[in-house]
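Worksheet for the structure shown next.
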Amino acid sequence: MASGLGEKKLSVDLCGVTFMDGNGNHLLAEIYGKTGAEFIADTPLSKYFAQQARESSRFKNGQDLDSNFELRARRKS
């Protein structure tokens, strides 16, 4: 967790987000990885962006490598 937050929980509002490039996904993954932030999403697309950030964060931190690989493999087939 980020030391500056103390016991507070960070929320990132993704409502209304309709586009996110790789840099945006990387930033969200970094925020999630460092703070465990909650993503607030209201559409299937913004929920997808939040899920991608969580998965990217776990993959970069060495967690759930097998499940991330399996998810990506299923999407490609």
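The values are calculated or read from the model by the stated rules, or taken from the named source; none is laboratory data. If you're wondering where the values come from, they're calculated on a predicted model, not measured in any experiment. Quick note on the areas: whole protein, heavy atoms, side chains included, nothing else; ligands and nucleic acids left out. Shrake-Rupley method; radii C 1.70, N 1.55, O 1.52, S 1.80 Å.
Being of a type in the set (Asp, Glu) and at pLDDT 95 or above is the filter here; which residues of the range 1-24 pass it?
Initially, the range 1-24 is screened for residues of a type in the set (Asp, Glu), giving 7, 13, 21.
Correct list: Asp13 only.
Here's a check for you: in the range 25-63, which residue that is part of a loop (DSSP other than H, G, I, E, B) and open to solvent by less than 80 Å² (accessible area, probe 1.4 Å) is modelled with the lowest pLDDT?
Gly62
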